[in-house]
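Have a look at the structure below before the remarks.
The values are calculated or read from the model by the stated rules, or taken from the named source; none is laboratory data. Not measured: the values here are computed from a predicted model. Quick reminder, even Gly has a Cβ in these numbers, built from the backbone with ideal geometry, and neighbours come from all protein chains shown. For accessibility, only protein heavy atoms count, side chains too; no ligands or nucleic acids. Shrake-Rupley method; radii C 1.70, N 1.55, O 1.52, S 1.80 Å.
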Amino acid sequence: APGAARIGVSAGALRGAQTVEEMLPIILDRTLEVIRADTGALFLLEKPSDHFVVRVARGRMQAMLGFSFPRTGSATARCLEIGQPLQDIQLPSGPGMAAALTGEERAIQIPLQVGGTAVGVMHLCFPGPHEFADDEIRLLTAIAEMAASAIHRAGLFEQLEHRLHELDTLFEMGRAVTATLRIEDVLVMVVPSACVALHAEGCWIYLWDERAERLVLRAVEGFPSELVGTSQYRLGEGLTGWVFLEGRVANVPGLAADPRWKWEPEYEIALPSGVAKNALVVPLVIGSKTLGVMGAVNKIGAPVFTESDQSLLTALAGQVAIAIENARLYEDVRDLSIAAIRSLATAI
């Protein structure tokens, strides 16, 4: 009965939360209060990177906030695989981990899942010796089931809102880029808007220059503007050159571990974070022709760019490619018309 009352209190607190970010601290704080502990964290499973990310932490685990580690090969993944609480599970090494865990506490992890969908894992620590009674484990399991369901529902609602925002962005962007026939106007309009739509610290567009045989930066947001026209990549060089050469999307959660990324700290320092951490880069393709590359760096408010971000940027890139090709065709026709008029004038 006391356990049921405590779950009821937790459920009541969750009903007032509107977003996943608002729910997470309520879930962890209420759980720690129920079991009379002060240290714990919620590891949520992020897509498409398939990484566990520490989204909220309390007590000695506070230093782990924001830390991420791959699901594959982690001991935490086993908790989700078997769908049962696991005790004294070993966590991966990372920032603040040594300070967070002294090795003297008892730990338990409870899976957060609803139906066949894995949401994440709740990790709780007790200082010193602690024996987890069956009633205590059943209570934690019930709280985890309720929390997972609430997180999942809120996540679905946020995805719906995000999708509506994407459609609105695509509509407005499409209307704007088709209203002009100058390439520079298209690029200057698209890049800042893409940064806002993706919640990114920086965005850029490189176009292929056939005469120079280089990808040349034509528009940028978040990086120094003097790079426009001077920053160039050869075919296959860096992440930008690789995406252009392969014609494939690159969604990189950790640039530090990706050999394709070309580090340029003198330019990255202009970003609010001071360094490029993650990136999403897509090719500008029309038919079988690749015109260039469009990219974004450092997702704001999240550790990685999501599948939804990837679909949005890919759609934006498709519109930009069409607008660029239309602008080029218009310029070609204009140049031919001017040449014809000059020839006529000369003949006359």
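The table for this structure:
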{"quantity": "Neighbours by Cβ (under 9 Å, 6+ apart or cross-chain): first from segment 308-325, more than 14 Å from Ala200 (Cα to Cα); second open to solvent by 30 Å² or more (accessible area, probe 1.4 Å) and of a type in the set (Ser, Thr, Tyr)", "calculated": "Leu316/Ser193; Gln319/Thr178; Ala321/Thr290; Ile322/Thr178; Ala323/Thr178"}
{"quantity": "Number of the exception - Pro303 against (1) modelled with pLDDT of 90 or more; (2) within 20 Å of the chain's Cα centre (by Cα)", "calculated": "(1)"}
{"quantity": "Where a residue in segment 183-197 is within 11 Å of Arg218 (Cα to Cα) and its partner, wherever it lies, is assigned to a helix (DSSP H, G or I) and among the charged types (D, E, K, R), with Cβ under 8 Å and at least six apart", "calculated": "Ile183/Arg328; Ile183/Glu331"}
{"quantity": "In segment 35-83, residue surrounded by the most Cβ atoms within 10 Å (Cβ to Cβ) [restricted to those that are among the aromatic types (Phe, Trp, Tyr) and in contact with a Phe, Trp or Tyr (Cβ under 7 Å, 6 or more places away or on another chain)]", "calculated": "Phe43"}
{"quantity": "Hits in segment 306-345 (condition: over 30 Å from Gly254 (Cα atoms), open to solvent by less than 50 Å² (accessible area, probe 1.4 Å) and touching a strand residue (DSSP E or B) at 6+ places or on another chain (Cβ under 9 Å))", "calculated": "Ile324, Glu325"}
{"quantity": "Segment 107-129, residues that are open to solvent by 10 Å² or more (accessible area, probe 1.4 Å), among the small types (Gly, Ala, Ser) and touching a residue at least 40 places away in the same chain (Cβ under 8 Å)", "calculated": "Ala118"}
{"quantity": "Pairs with Cβ under 9 Å, 6+ apart, first in segment 271-284 and closer than 9 Å to Phe244 by Cα, second of a type in the set (D, E, K, R)", "calculated": "Val282/Arg248; Pro283/Glu246; Pro283/Arg248"}
{"quantity": "Odd one out for Pro85, checked against (1) in contact with a Leu (Cβ under 9 Å, 6 or more places away or on another chain); (2) modelled with pLDDT of 80 or more; (3) under 29 Å from Asn278 (Cα atoms)", "calculated": "(3)"}
{"quantity": "Identity of the residue in segment 211-225, open to solvent by 40 Å² or more (accessible area, probe 1.4 Å) and out of contact with any strand residue (DSSP E or B) (no Cβ under 6 Å at 6 or more places or on another chain), that ends up farthest from Ala276 (Cα to Cα)", "calculated": "Arg211"}
{"quantity": "When residues of segment 243-259 are limited to those that are within 12 Å of Met294 (Cα to Cα) and assigned to a helix (DSSP H, G or I), the one farthest from the chain's Cα centre (by Cα)", "calculated": "Phe244"}
{"quantity": "Members of segment 246-270 found to be of a type in the set (Ser, Thr, Tyr) and closer than 14 Å to Ser49 by Cα, listed by number", "calculated": "none"}
{"quantity": "Among (1) under 19 Å from Ser68 (Cβ atoms); (2) modelled with pLDDT under 85 - the single one Asp309 does not satisfy", "calculated": "(2)"}
{"quantity": "Candidates Val297, Val249, Val285, Val228 - the one that is modelled with pLDDT of 90 or more, at negative phi and surrounded by 19 or more Cβ atoms within 10 Å (Cβ to Cβ)", "calculated": "Val297"}
{"quantity": "Ser308 assigned to a helix (DSSP H, G or I), among the polar types (S, T, N, Q) and touching a His at 6+ places or on another chain (Cβ under 8 Å)", "calculated": "yes"}
{"quantity": "Hey, Leu235 closer than 17 Å to Glu210 by Cβ, at pLDDT 90 or above, part of a loop (DSSP other than H, G, I, E, B) and more than 22 Å from the chain's Cα centre (by Cα) or not", "calculated": "yes"}
{"quantity": "Candidates Arg30, Arg6 - the one that is modelled with pLDDT of 85 or more, surrounded by 15 or more Cβ atoms within 10 Å (Cβ to Cβ), in contact with a helix residue (DSSP H, G or I) (Cβ under 6 Å, 6 or more places away or on another chain) and not acidic (Asp, Glu)", "calculated": "Arg30"}
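This table checks each residue for (1) within 22 Å of Val285 (Cα to Cα); (2) in contact (Cβ under 8 Å) with a residue 60 or more places away in the chain.
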{"position": "His199", "(1), (2)": "no, yes"}
{"position": "Cys203", "(1), (2)": "yes, yes"}
{"position": "Leu207", "(1), (2)": "yes, yes"}
{"position": "Phe223", "(1), (2)": "no, no"}
{"position": "Glu226", "(1), (2)": "no, no"}
{"position": "Tyr233", "(1), (2)": "yes, no"}
{"position": "Glu246", "(1), (2)": "yes, no"}
{"position": "Leu255", "(1), (2)": "no, no"}
{"position": "Trp261", "(1), (2)": "yes, no"}
